[in-house]
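The values are calculated or read from the model by the stated rules, or taken from the named source; none is laboratory data. Since the model is a prediction, treat every value here as computed from it, not as a measurement. Reconstructed Cβ throughout: ideal geometry from the backbone, glycine too, with neighbour counts over all protein chains shown. For the accessible areas, the whole protein counts, side chains as well, though only heavy atoms, and no ligand, DNA or RNA atoms are used. Shrake-Rupley method; radii C 1.70, N 1.55, O 1.52, S 1.80 Å.
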Amino acid sequence: RGSKGNVGLGSVLGPAGAMLCEMANLGLPVAPGFCVAPGGKEPARPEAWRGEVKQAVAELEDATGQALGCQTAPLLLSVFCNCGDQETRLTNLGMNDAIVEYRAVSDNPRCAWDCYRRLIWNFSKCVKRLDMNPFEEALASVRDRLDSTCKLGRKHDDCDIPKKDLQDLVQAFKSLYAQQVGTDFPQDPHDQLSEALATAFAAGEQQNAHAIVQAMALGNCDSAAVAGWAYASSSEGHIAELRGEWLSNAQCEDLATGARTPLRLTLDDSRDWAVARGLPESERASQFPSLEEE
């Protein structure tokens, strides 16, 4: 379905929100969602825009056939907030103890625990501004143990962490969260969303604040799922070139961490990338193939 917004509403919705609305109007496969632009409203008070967000969530639930807090068909959200020079990105909002336990039995257990692990990490970092060193140490300890016990001598990325270890990480992260905050990790998905928006808006410039809330597209389900970004660039008199990056079994935040080397979309771009780094073609093709070659 189309959008109520369009590219001409950039000053209200923000450039990214307006562009997404226009893409939806063009019929492109944009994940359904909504924009929040409190404008002159008091950003630190969720009640100033809570009603509009509640209505937007209800419409999103209707569009997706999912619902926040529903165990059988949970709606998970990604939130991007731009408030002046402050940017906040959160993923997997809506996950909680009850949902992860249900999905771990009925669906994809590793994906469920990985989503919950990511949510607690990002919420602790971006919303609560906690000391992330203990979280990083817990994650590094798991990877180091997997590396040391691997008979093949391979290095493990986050996407290689087994379900049981992700389960243990969730419990460790919840304990670290409670130690620093003094309360348990929030279980109500609506509270998670409200607190995330309130924190982001309060941290930035009120007049320029806006947020994009979208249904999650999970790229961390298995090795056949991917996350990435793409754009087309052109100069006068030249055909537009498609460029972008992707990772299998990942979410978009993984592209920014640098822990894994993103692959390129097109063969030409992949070869240009390899030449710039002095990689021989044989190594590029075997270790860093483009999506075009998959």
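Table for the structure above
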{"read-out": "Every residue from segment 250-291 that is among the acidic types (Asp, Glu), under 21 Å from residue 231 (Cβ atoms) and open to solvent by 30 Å² or more (accessible area, probe 1.4 Å)", "value": "253, 268, 272"}
{"read-out": "Subset of segment 158-175 (residues that are open to solvent by 30 Å² or more (accessible area, probe 1.4 Å) and either of a type in the set (Asp, Glu) or not in a helix (DSSP H, G or I) (or both))", "value": "158, 160, 162, 168"}
{"read-out": "Test result for residue 152, touching a residue at least 40 places away in the same chain (Cβ under 8 Å), part of a loop (DSSP other than H, G, I, E, B) and not basic (Lys, Arg)", "value": "no"}
{"read-out": "Close pairs from segment 201-213: first within 21 Å of residue 92 (Cβ to Cβ), partner at pLDDT below 75 and surrounded by fewer than 19 Cβ atoms within 10 Å (Cβ to Cβ), Cβ under 8 Å, at least 6 apart", "value": "201/44; 203/86"}
{"read-out": "Residue count for segment 254-292, restricted to those that are closer than 27 Å to residue 89 by Cα, modelled with pLDDT of 90 or more and aliphatic (A, V, I, L, M)", "value": "2"}
{"read-out": "Count - residues of segment 4-36 that are open to solvent by 40 Å² or more (accessible area, probe 1.4 Å), modelled with pLDDT under 85 and either among the aromatic types (Phe, Trp, Tyr) or part of a loop (DSSP other than H, G, I, E, B) (or both)", "value": "2"}
{"read-out": "Matching residues, segment 120-149, being free of Cβ contacts under 8 Å to residues at least 40 places away in the same chain, in a helix (DSSP H, G or I) and of a type outside the set (Asp, Glu)", "value": "125, 133, 138, 139, 140, 141, 142, 143, 145, 146, 148, 149"}
{"read-out": "Set 89, 110: member being outside any helix (DSSP H, G or I), out of contact with any Pro (no Cβ under 6 Å at 6 or more places or on another chain) and either in contact (Cβ under 8 Å) with a residue 24 or more places away in the chain or open to solvent by 10 Å² or more (accessible area, probe 1.4 Å) (or both)", "value": "89"}
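For every residue, the table says whether it meets (1) within 23 Å of residue 28 (Cβ to Cβ); (2) at pLDDT 80 or above; (3) in contact with a helix residue (DSSP H, G or I) (Cβ under 9 Å, 6 or more places away or on another chain); (4) surrounded by 14 or more Cβ atoms within 10 Å (Cβ to Cβ).
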| site | (1), (2), (3), (4) |
| --- | --- |
| 177 | no, yes, yes, yes |
| 183 | no, yes, yes, no |
| 189 | no, yes, yes, yes |
| 200 | no, no, yes, yes |
| 210 | yes, yes, yes, yes |
| 216 | yes, yes, yes, yes |
| 233 | yes, no, no, no |
| 237 | no, no, no, no |
